[in-house]
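Report on the structure given below.
Computed from the coordinates by the stated procedures, all read-outs in this text should not be read as laboratory data. Since the model is a prediction, treat every value here as computed from it, not as a measurement. Glycine gets a Cβ as well: all are built from the backbone with ideal geometry, and neighbour counts include every protein chain shown.
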Amino acid sequence: MKNAQTLTLSEKKYTFNILEAIKVEIDQLENPYHIPINELFTMAARINKKRSFLFVSKVLGKHLPITPEKGLLVAALLGARYIEKIKGFECKEKERLLSSFLKGVPFSSCPFIPESINPVIIGFAETATALAHAFFDCFKSAEFFHTTREEIYGERPVITFEEEHSHATSHRCYVSLEMINHQREIILVDDELTTGKTALNIIQFIQGKFPREEYTIISILDLRSEESKQKFSNLEKDLGIKINVISLLSGHVKIQQLRKLEEQQANERTVENGAFIETLQLDSYFTSSSYFAQDELKTIPFIKETGRFGLKSSENIIIHDRISAAAEFLRQKRIGARTLCLGTGEFMYIPMKLAAEMGSGVHYQSTTRSPIYIKNNTGYGAQYGVGFPNPENSKVPHFVYNIPLNHYDELFVFFEREVSTRQLQPMLDRFGKLGIQSIKIVFLSRNRGEQDEKIAK
């Protein structure tokens, strides 16, 4: 079978040919930890008029399944890079982290950034919520929250900004003023920088209301052009601030559209095997917040442990203990050797942490809003895909990529809030045709005033 994507390389230059339609050249690479580029990402064609290509991460657990430890380790490596480059400290953990990342050995996160460094960390929804939260885990004294696409009932966001190239452009932050109204360093965490415009948008908003001297942007990939970097320098001068940028891999990217892709043809391979479906409740392990969304689940609260509404490092020990207890419960529910744990949308970090403690043979990934061109060819970033209405908000399409037929014995699907049988059914119909024997729907928050619904086969 001919590859849908070819990769050629010379010294400090990589060229991707995506579906013989998009040519991507990356040069002037800086790779301080000497991580092989094919350990970090591959590429795919994106069905988006604003941006035709997608860096498909091999470490985030979004579009491609990963061992969950991989996602936690890449965040820790960014933590090591941050204290080395920005704070000038030697990171004694670096070699252990890098060895664990490259060799795929078990990893247990432990904070190693000293209490004297106490920033506020902001993760970008939806793709970087787990990365940012795991980065926050590296600090002994920090605060964390992530942006959200959700509209929260009765609340006004303290921060709003746009991400123009995304399918869901508006970001909101719902935290107390005390968490943002100060002059401490703010660290923004995203999975990649191509223009950096999203980061500049939030910096401009924050600086207009809550001014400070220093911002740091953390990203796995930094592929900004010289023109984009100049915009960062211009904003630094205009606002009188310093903007640091930290990444594991940086360089310049050049995109050339070779031809227009044909319209995607539906050609799904499915099997009819009638998966056994079970509902599991984890609400006793986690804490309901006082926040509700203006959506179809408006009577069911979000939980506190996600960080959507703010967390402090002092809370992490308790949160991790709760995750470990919940993971032990889920571990006892496993029946297969090959298990996929699936986060949903912004709800990525807790499912990833749970997956990391559920035993061997567990992989992790998440649903996404991003429509991607599917091509079942070696090396391409989206070889399989299914789409369905988001069970938490049926107006929003969700997708899951790269689940081959008959590959997993069982699937755990994690939802922050309980969803009705009716809302789940389109998703279950799609997953039921993938040859998975057992599908477990896991809820972390529910409306206790209503009788529990059972999901029928």
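Overview of values
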{"quantity": "Residue exposure sequence - GLU416, GLU93 - by fewest surrounding Cβ within 10 Å", "calculated": "GLU93, GLU416"}
{"quantity": "For the range 142-158, Karplus couplings with θ = phi - 60° (6.51, -1.76, 1.60), whole Hz, Gly/Pro x", "calculated": "8, 10, 9, 8, 10, 5, 9, 8, 6, 9, 9, 4, x, 10, 10, x, 7"}
{"quantity": "The range 236-261-the range 296-373 distance, computed between alpha-carbon centres (Å)", "calculated": "31"}
{"quantity": "Value at 222 nm in deg cm²/dmol, rounded to 500, when DSSP H runs of n ≥ 4 in the chain each add -39,500 (n - 2.57)", "calculated": "-7000 deg cm²/dmol"}
{"quantity": "Antiparallel DSSP beta bridges within the chain, as percent of all bridges there, nearest 5", "calculated": "50"}
{"quantity": "FRET efficiency, 1/(1 + (r/R0)^6) with R0 30 Å, evaluated for ASN118 and SER290 via beta carbons", "calculated": "0.70"}
